[in-house]
Every structure is written in structure tokens, then in C-alpha cells.
1. Rounded to the nearest 5, what % of DSSP beta bridges with both residues in the chain are antiparallel?
2. How big is D, in µm² s⁻¹, for the stretch 9-69 by Stokes-Einstein at 4 °C and 1.567 mPa s if Rh is the Kirkwood radius over C-alpha pairs?
3. For Lys8, go through the lysines and keep the ones whose alpha-carbon is under 17 Å away, minus same-chain ones fewer than eight residues off.
4. Treating cross-link reach as a plain straight distance, find the aspartates and glutamates whose alpha-carbon is under 17 Å from the alpha-carbon of Lys85, omitting any fewer than eight places away in the same chain.
5. Take every Cα-Cα pair in the chain and report what % of them are more than 21 Å apart.
6. Given a cut-off of under 8 Å on Cα pairs at least six residues apart, what relative contact order in percent is computed for the chain?
7. Round to the nearest 10 and give me the degree value, 0 to 90, for the angle of helix 105-116's Cα axis relative to the longest principal axis of the chain.
8. Please list Tyr25, Tyr4 in order of solvent-accessible area, largest first, computed with a 1.4 Å probe with all protein chains present.
Amino acid sequence: MALYVGRKHPLTLLENVEEAHLARYRNLYLNTHVGSENKPHGNVWSASDYFMILEMAEEGFGWAELPRSLVKQYGRGRLVELKMKTWPRHISSDAVWSKLHPPGPAGFWLLDELLKTGSL
């Protein structure tokens, strides 16, 4: 995960971004309506999927925490990764499946990709 803004966003002018800089601008965040206790406060907009957040960031509506792989594949070169001392961050994930119903081709591809990156 990394922090991104649109190419014309004022935060792109900063060499190193600090929390105080982020606080001045809208936070675009993923809201899955599960575990809402971690919801950010202040100047925020939310969406239920990363693609909508990516598009809002591209349009300059604020900064967003997005998966690097998503930005690489779908960002169309319209986003800039912000440089912060505490970013990028890795997130943990689990892979679970049933012995009766093993993953299909896409599931095995995902497992291979996670193993390549050392995520599993």
C-alpha cells in the first residue's frame, strides 16, 4: 500500500510529506461498512471499492491509500506516489480454501503471485 494523489494535486510539490500536510487535504478512503471504528475523521470522502477511490484521486479530489499493484495496472500514469518516511506499508493477508473445493486457475495464480512477492 502507498499514498497517491493526482498529478496536479498540491501535495506533489512537496519532497517529503508529513501527517500535518495530509491533514490539510481530503482523505479518500475505502469504506466497506465493516469495522467502522477505524474510520478516519475530518475532511474525508469514502467509496466502497478501490477503483472509485483511484478515480477520485486521479481527478484531484484528495489523497488515497491504494495498493501499488492496482495503481500500476489501472492508474494510467495519472497518479503520483507521495514520499513519506512511514510509507509504503505492507499489509497482511490470508489465503484460505476448502479441501472439497480447491482454488481454480485464478485462485492458484493469486497464490503464486503472493508466494513470488513473499506475501505468504
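The values are calculated or read from the model by the stated rules, or taken from the named source; none is laboratory data. Predicted model, so just to flag it, every value in this text is computed and none were measured. Keep in mind that these areas ignore ligands, DNA and RNA; they rest on the heavy atoms of the full protein, side chains included. Shrake-Rupley method; radii C 1.70, N 1.55, O 1.52, S 1.80 Å.
1. 50 percent
2. 105 µm²/s
3. Lys83
4. Glu15, Glu18, Glu19, Glu65
5. Roughly 46 percent, once rounded to a whole number.
6. Computed value for the chain: 37 percent relative contact order.
7. The angle comes out near 60 degrees.
8. Ranked from most to least accessible, the order is Tyr25, Tyr4.
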